[in-house]
Amino acid sequence: MKIAITGHTAGIGQALAAVYQHHGHEVMGFSRSNGYDIRCADRRSAIIQACRDADVFVNNARGSPGDEFAQVKLLFEIWQAWQAQQRQIINISSSLTMRWEHDVGILTYRTSKRALEDACDFLWNKSAWPAVSVIAPCRTDTPSTEYLKTSNKVDTMEFAQLVYQTSTQTNFRVQILKLALNPLRD
């Protein structure tokens, strides 16, 4: 299979690229570091053009200040380009959508991820293809969580393996998968 991944140079995206490559899949990566900033409409169009023959699109890169909802926009754009085609779009959300946060920065991030989940739910019910799913990892050990030194975190490779397993199922498909950490043990 040919797999397209946004945000492939760090954290979850980097782990996903490694896992898919390990299993013999061709991976196409799109990140700001190689000129694909999903906040820019023309760069999103370039991603979609480059993914014409991809089988799976992993919508992992998140929006950031200036366009926090770029990930949602990219979802709708790739869905429209792939409409009625037997392909798969996997969206990476966050377990923060299950919690209320008071910090304004985190609240904006939570709101954008919640919008992504709502968009996935809408598209899931709109048509069978492309298959649209959302996976919300629990706190994962990425560069954006480095400041949480004493916090319980999941390894990015462990999470990437779970995404891979759900994406390669043939008897069922995942609509939404929300993960939670086991409590720290004393």
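Taking 7 Å steps out from each Cα toward its Cβ at Q21 and S127 produces label points 3.3 nm apart. The angle between the Cα long axis of helix 104-126 and the longest principal axis of the Cα atoms of the chain comes to about 40 degrees, rounded to the nearest 10. Only beta bridges with both residues in the chain are counted; by DSSP, about 5 percent of them are antiparallel.
For S93, the residues whose amide H sits under 5 Å from its own are I135, A136, ignoring neighbours fewer than 5 places away on the same chain, with H placed 1.01 Å from N.
Between the entries (1) 10.9; (2) 14.8; (3) 17.3, the label attached to mean projected area of the Cα convex hull in nm² calculated for this structure is (1). Here the peptides 65-78, 166-179 are ranked by packing, the mean other Cβ count within 10 Å, and the order with the highest first is 65-78, 166-179. Across the chain, Cα pairs under 8 Å and at least six residues apart give a relative contact order of 21 percent. Among the lysines of the chain, pairs at least eight places apart or on separate chains and with Cα atoms under 17 Å apart come to 4. Going from the residue with the fewest nearby Cβ atoms within 10 Å to the one with the most, W129, W79 rank W129, W79. In degrees between 0 and 90, to the nearest 10, how far off the longest principal axis of the chain does helix 70-81 point, with axes built from Cα atoms? On a 0 to 90 degree scale, this one is about 20.
Just so you know, all these numbers are worked out from the coordinates, no wet-lab data involved. These numbers were taken from a predicted model, which means no experiment stands behind them. Note: ideal-geometry Cβ built from the backbone for every residue, glycine included; neighbour counts use all protein chains shown.
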